[in-house]
Amino acid sequence: MNTADALPLAGRTAIVTGAASGMGAATARLLAARGARVALLARRAERLVDLADEIEKDGGVALAVPTDVTSTESVAAAAALIRDDFGPVDLVVNAAGTMLPNPIDDGRADEWTRMIDTNVTGVLRLTKEFTPDLLAAADAGRAADLVNISSIGAHVTFPNYAVYGATKAALTQLSANLRTEFGPRNVRVTNIEPGLTDTELGSHIDNAELSGQLDQMFDLIGPLTAEEIAEVVAFAVAQPRHVNLRQIIVLPTRQA
Ligand code: NDP
């Protein structure tokens, strides 16, 4: 086996948001294991430092960059730090997200704002900061990737998840439209829509009934693992640069 086979992402510089847990952490770990240098972004600094240590112990290169994607200043500061340490980035994975279901008539504007600001505007903040890097990499003839973790929730309707579903529909539509601007300039945009996956996502629900309902769905269906989603991300970004898997739906087999 030659090095390219063993480390298909050698020479790539990645950032992964939501790297403190779940899909983001699993993706960061796998991209690093496949040869990419990885900047880890989320709010919980300790988690990021532990993951960076773990990656380095396994022979990878990682940088913990505590960041709040709902803050333009925080994202700009993270970008400056990453460029100082790693130089320009050629692979951006937007996995940070939050899911806060409640009946619409509860009028939880606090939750709506948090979901919109994290799941949609957060992705825009990252996109704005790193578009010049991605275009430069593509211009230089190298692979350049923007990967957005949307959700099957972009397509299905479910009571009490209206705003979460709306943010994911927006993200899926954003990804498709970004392709029309980036694709002609050789930057890939990959939108991944997972179904039920075993992560911390449901742990922020403050409605006991809805939390219980979600637990039941997990028991009934049997979720994917975060590592399985990470495999999909790593597969997509390791394709030859003219191949763009633009839309991927990954469901547990039993999820209708
Ligand atoms: P997790 O809750 O485990 O991961 C979410 C991550 O986002 C955490 O690391 C969290 O870290 C980070 N995050 C949340 N808010 C912010 C913020 N303001 N700034 C920076 N980072 C933030 O859940 P998942 O791994 O499941 O979620 C990953 C993505 O997958 C999300 O976009 C989610 O919507 C999507 N998804 C999940 C599905 C599932 O069944 N689990 C199904 C379909 C899609 P911290 O709190 O430290 O900031």
Would you mind computing, in nm to one decimal, how far apart the modelled labels at residue 169 and residue 72 are, each placed 7 Å from Cα along Cα→Cβ? 2.8 nm
Among 219, 90, 145, residue whose mean-square fluctuation peaks in a GNM of the chain (springs only between Cα atoms under 10 Å): 219
Please say if region 51-196 is rounded, prolate or oblate, where rounded means a/c under 1.5 for a ≥ b ≥ c the square roots of the C-alpha gyration tensor eigenvalues, and otherwise the choice is prolate for a/b larger than b/c and oblate otherwise? prolate
Between residue 162 and residue 105, what length in nm is gained on full extension when 0.36 nm per residue of separation is reduced by their alpha carbon distance? 19.4 nm
Which value, in debye to the nearest 20, describes the size of the charge dipole of the chain about its Cα centre when Lys and Arg Cβ atoms bear +1, Asp and Glu Cβ atoms bear -1, and nothing else is charged? 960 debye
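May I ask you to compute the full-extension gain from residue 211 to residue 241, defined as 0.36 nm times their residue separation minus their alpha-carbon distance, rounded to one decimal in nm?
Numbers: separation 30, 0.36 × 30 = 10.80 nm, distance 4.14 nm.
Length difference between fully extended and current span is 6.7 nm.
Checking the a/c ratio against 1.5 first, then a/b against b/c, what shape does the Cα gyration tensor give for region 80-133?
prolate
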Note down the relative contact order for the chain as a percent, whole number, built from C-alpha pairs under 8 angstrom at least six residues apart. 19 percent
Taking a label point 7 Å from the Cα of residue 220 along Cα-to-Cβ, the residues of region 242-256 whose backbone nitrogen sits under 18 Å from it are 251-256
Ordering of 109-117, 58-66 by burial proxy (mean other Cβ atoms within 10 Å per residue, highest first): 58-66, 109-117
Can you give the local net charge around residue 153? Use residues other than it whose beta-carbon is closer than 11 angstrom to its beta-carbon, Lys and Arg +1, Asp and Glu -1. 0
What distance in nm separates the two pseudo spin-label positions at residue 45 and residue 57, each 7 Å out from Cα along the beta-carbon direction? 2.1 nm
Label-point gap, in nm, between residue 113 and residue 250 - each point 7 angstrom along Cα→Cβ: 3.4 nm
Once the convex hull of the alpha carbons of the chain is built, what does its volume come to per residue, in cubic angstrom? 126 Å³
Largest first and to the nearest Å, give the Cα extent of region 15-99 along each principal axis. 32, 31, 21
Per the 1/(1 + (r/R0)^6) rule, R0 = 35 Å and r from the Cβ atoms of residue 121 and residue 6, FRET efficiency to 0.05 is 0.35
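Taken together, the values in this text are just the output of simple stated rules run on the coordinates, not laboratory data. Here the structure is a predicted model, which is why all the values come from computation and not from measurement. Using ideal geometry, Cβ is built from the backbone for each residue, glycine included, and neighbour counts are taken over all protein chains shown.
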